[in-house]
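S.K.: My questions will all concern the structure given below.
The values are calculated or read from the model by the stated rules, or taken from the named source; none is laboratory data. Here the structure is a predicted model, which is why all the values come from computation and not from measurement. Every residue, glycine as well, gets a Cβ built from its backbone with ideal geometry; the counts of neighbours run over all protein chains shown.
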Amino acid sequence: MPYHASSNPEIKQLYTNGHFCYVFKFGMVTNGLGIIRHISFYNKDFLAQHPEIIVNKKSDSPDEDKSIHDARLLISTLTDFFKKHPMINPKTFLGDSAFDSAEIYKNLLNGDTFGTDKHFSKAYIPLNARAHLENEDYTINENGMPCCPHDPSLPMKPEGNTSHLRSGIPSLKFVCPKMKWKWDKVKKKSYRECQCDNPCTNSKCGRMIYIYPEKNLRAYSGTVRNTAEWDEKYKIRTTVERSIHHVKDSFGLANRRTQNERTLHADLILSGITQLITVVLADKIHHHEYIRSLKPFLA
């Protein structure tokens with residue numbers, strides 16, 4: 001199949017949701033409320049402004065190609081965003097598994113990536129099923145959790161963040177999944193007791209593992225997957241997805257028949273402006289539940 005439509009070279013071939021299509025592609029940055037903060041139209045002008053984006057030939061895996069393409073566009077898009085909005089300084093990034101790349105985590109969580117001192121403290125990105133985490137001493141599951149050396153099906157229990165070590169480097173602590181807290185009536189204090197029939201250590205407390213996130217940002221991007229904190233925070237992405245769907249569906253940007261790039265680009269920008277006007281109106285009448293929908297105002 002050709003890489004672009006014969007009617008317009010800017011209409012690129014894309015693999016999404018299990019099928020190939022020919023589309024104009026754009027990127028959208030929203031906040032946790034789903035309010036649009038930035039829009040990038042991925043055309044030749046965008047690529048000309050970002051020579052760091054290298055478009056490679058396609059491989060035999062369309063899913064992998066799409067993930068690589070999305071990952072390469074992300075940092076350039078955020079760089080433009082921060083340049084245009086120097087007063088905005090977010091600390092948490094939410095994205096899908098297409099952004100699960102060691103280089104992405106490094107750029108998101110380290111300073112000076114975006115030409116300023118801005119960087120994220122936490123990145124909530126699900127692990128990509130096509131990539132795996134490895135460690136010589138123990139198994140790491142699909143959520144980045146270290147597992148029992150004798151039973152990879154048993155994830156170890158997270159026990160919070162620790163930064164009181166001599167090195168002063170923040171770390172994550174995991175303990176044996178079969179460790180229990182016991183109460184000493186004589187000493188009147190709790191102590192750990194490993195209740196494993198086949199212990200991997202001589203310690204009565206059981207195996208403990210300290211993870212240094214800065215050594216593996218992909219596995220530990222400021223937070224631990226499959227925890228209550230992760231689940232609660234990542235729910236916000238549903239709000240973001242609804243906002244993106246609203247722009248494509250309610251504002252009529254999807255399933256268009258136009259082949260004119262400028263018309264679509266203009267309609268995209270106007271859709272973003274329309275949403276922001278809705279936000280302003282909802283705030284003025286003190287009905288913040290309407291910030292992402294025009295229907296209540298039209299009813």
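S.K.: R257 fails exactly one of the following numbered conditions: (1) assigned to a helix (DSSP H, G or I); (2) surrounded by fewer than 16 Cβ atoms within 10 Å (Cβ to Cβ). What is the number of that condition?
M.R.: (1)
S.K.: Among the listed residues P213, P146, which satisfies the condition of being surrounded by 17 or more Cβ atoms within 10 Å (Cβ to Cβ) and modelled with pLDDT under 70? Write out each step before concluding.
M.R.: Working: P146 fails: modelled with pLDDT under 70.
One residue alone meets the criteria, P213.
S.K.: Separate question: Out of I39, I53, report the one residue that is surrounded by 11 or more Cβ atoms within 10 Å (Cβ to Cβ), at pLDDT 90 or above and closer than 24 Å to L94 by Cα.
M.R.: I39
S.K.: For segment 181-193, which residues satisfy the criterion of being within 22 Å of C147 (Cα to Cα) and surrounded by fewer than 11 Cβ atoms within 10 Å (Cβ to Cβ)?
M.R.: Matches in segment 181-193: W181 only.
S.K.: Looking only at segment 117-140, how many residues end up being in a loop (DSSP other than H, G, I, E, B) and either modelled with pLDDT under 80 or farther than 20 Å from W230 by Cα (or both)?
M.R.: Qualifying residue count for the region: 16.
S.K.: Moving on. So F114 fits all but one of (1) under 16 Å from V224 (Cα atoms); (2) at pLDDT below 85; (3) aromatic (F, W, Y); what number is the exception?
M.R.: Failed condition: (1).
S.K.: Of everything in segment 1-36, what is touching a Leu at 6+ places or on another chain (Cβ under 9 Å), part of a loop (DSSP other than H, G, I, E, B) and crowded, with 16+ Cβ neighbours inside 10 Å? Give them in sequence order.
M.R.: F24, K25, I35, listed by residue number.
S.K.: Now for a different question. Of the residues Y3, Y42, which single one is within 21 Å of the chain's Cα centre (by Cα) and not β-branched (V, I, T)?
M.R.: Step by step, each of Y3, Y42 is checked, and only Y42 is within 21 Å of the chain's Cα centre (by Cα) and not β-branched (V, I, T).
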